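Here is the structure we will look at.
Derivation of every value follows stated rules applied to the coordinates shown; laboratory data play no part. Computed from a predicted model, the values in this text were never measured in an experiment. Virtual Cβ from ideal backbone geometry, glycine too; neighbours counted across all protein chains shown.
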Amino acid sequence: MCGVFGAVLPEDFDAGGAQAAAVAALGLFALQHRGQESAGLAVSDGEQLMLYKDLGLISSVLDERRLPSLRGRLAIAHCRYSTTGSTVWENAQPTFRLGPRRAIAVGHNGNLVNTRELLGRLRGGRARLPASTDTELMTALLADEPAADTVDALVRVLPTLRGAYSLVILDERRVIGVRDPYGFRPLVLGRLSAGAGMDAPDLWSGERPTAHGWCLSSETAGLDIVGAEYVRDVEPGEMVVLEEGREPRSIRFAEATPALCVFELIYFARPDSYMEGRNLYEARRRMGMELAREHPAEGDLVMPVPDTGAPAAAGYAEASGLPYREGLVRNRYTGRTFIQPSQTMRQRGVTIKLNPLREVVRGRRLVVVDDSIVRGTTTKQIVALLRRAGAESVHVRVTAPPIYHPCFYGIDTQIETELIAATKTTEEIRAFIGADSLGYLSIQGVLAALDLPYERFCFACFDGRYPEPVPYDVGRRKFILEEVAGVHG
Ligand code: SF4
């Protein structure tokens, strides 16, 4: 996961001098669901970079006291969900490094799988790292690359990276968007046009800005919030260079072999975002309809596990003819349980975050629709919660197929034994979670709902077909850079 956002504003757009930071922070707000451990923002005024980052939610890190001091027309922003390295200040992003040729800041969504190899390369140059993330490693490689121009440095360094990376990169004069050759994680390009949102006529002069601003965002919802219009996806294997007063430049650094993470469409991304030309609310509603066809249930009503199960539950209700009701109320201010890093925190999380509506639940046969079962602990607690509230029976239906394999491309489920489907049959999982019945949507069902071919996506955590080979020793690689002595500078 992680959310990234970038903004380049034209001169007459920016009377206050700090608007790129404001646009980037606002865009990042729409991506808060992608990572809640830390947030940060880097700006350039054309000559030097400034950066602010901290642990915590975007609203507490990038508040109105910080933003005015981050002046410049170029900005990148990042919110973090950790897949390599602990949740400590040093590992917050954007990363920053001053090399012999350039100052550079990087925001990264994804996870590299050849971290050890890259570290060896860097140590050959006797470099030291201040943090323990793959992003820090990548930043050091880019800053230390002898090529005079950042774009040339990227053309040399990017082909040496393996794994998932959607990047926003800032140097003194440019914001650059990059997507790995598989395009595991999304990244879109948007244009801030005259009359749209942020670049409406100047309040004092009434004049409209003459040039376009440009944005990069993990999801289209980030463009919507700043009033930017969607232009296109950054293509897998492509770099898009954004500079003041110029049209975006596209540079292809690798052949594209698209494999977008299908989980983005099933669960991670916002329902109001678009991916592969599909609105995700609609895609999930259709997944719910497929689920009803594949796994009908004897129930009185269909209810979602809020909030992410709601579109699929609506689809299930529509296809099954059962009424749709909300039977659980979610506290919106606790974050996603899946995202919190430790098992103890996850276990505490569910009771803090969900409360049953007893009037809806009592005496009813419930069809409960959720988007995924990863470890099974959350689902088990939800079923128990509903039974305590008087449910007659609980039939669990899930829009993600069973997760048998770990993800190495940016989702923190790397240990196989953490995945309940890797160690238990569907019947054993049903017994473990305490449900009356359990049904998962099939891979074919997901594809039918999306009306797109298998070849466009990564389904590796469901079928083990990893698009990018994963080194055999990758194992517990989240703390790989902390385990190798001497990494911290
Ligand atoms: S392994 Fe699963 S979670 Fe990871 S990128 Fe592929 S589909 Fe997404």
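Using alpha carbons only, what's the Rg to Rh ratio of the range 273-452 with Rh from Kirkwood? Can you show the working numbers first?
Details: Rg = 15.4 Å, Rh = 16.4 Å.
Answer for the range 273-452: 0.94.
Quick one: compute a quarter of the convex hull surface over the Cα atoms of the range 3-259 and quote it in nm². Please report the intermediate quantities before stating the final value.
Values: hull surface 48.8 nm².
Taking a quarter of the hull surface, the average projection is 12.2 nm².
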Env charge @ residue 373, Cβ radius under 11 Å, K,R +1 / D,E -1, value +3
Mind ranking 137-146, 104-113, 223-232, 446-455 by how tightly packed they are, going by the mean number of other C-beta atoms within 10 angstrom, highest first?
104-113, 137-146, 223-232, 446-455
In nanometres, the difference between 0.36 nm per residue of separation and the alpha-carbon distance of residue 465 and residue 423 is 13.3 nm
Treating cross-link reach as a plain straight distance, find the aspartates and glutamates whose alpha-carbon is under 18 Å from the alpha-carbon of residue 424, omitting any fewer than eight places away in the same chain.
416, 436, 463
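For 380, 53, 424, which order do you get if you count the other beta carbons within 10 Å of each Cβ and list the fewest first?
Details: 380 19, 53 25, 424 15.
Exposure proxy ranking, most exposed first: 424, 380, 53.
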How much length, in nm to one decimal, is gained on full extension between residue 279 and residue 89, taken as 0.36 nm per residue of separation minus their Cα-Cα distance?
64.9 nm
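Could you compute the net charge surrounding residue 453? Neighbours are other residues with a C-beta less than 15 Å from the C-beta of residue 453; K and R count +1, D and E count -1.
On the way: positive: 278, 456, 465; negative: 276, 451, 455, 463.
Around residue 453, the surrounding residues sum to -1.
Counting only DSSP beta bridges with both residues in the range 273-452, tell me the antiparallel percent, nearest 5.
Working: 5 of 20 bridges.
Roughly 25 percent of the DSSP beta bridges within the range 273-452 come out antiparallel.
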Once you keep just the Cα pairs under 8 angstrom separated by 6 or more residues, what percentage relative contact order results for the range 273-452?
23 percent
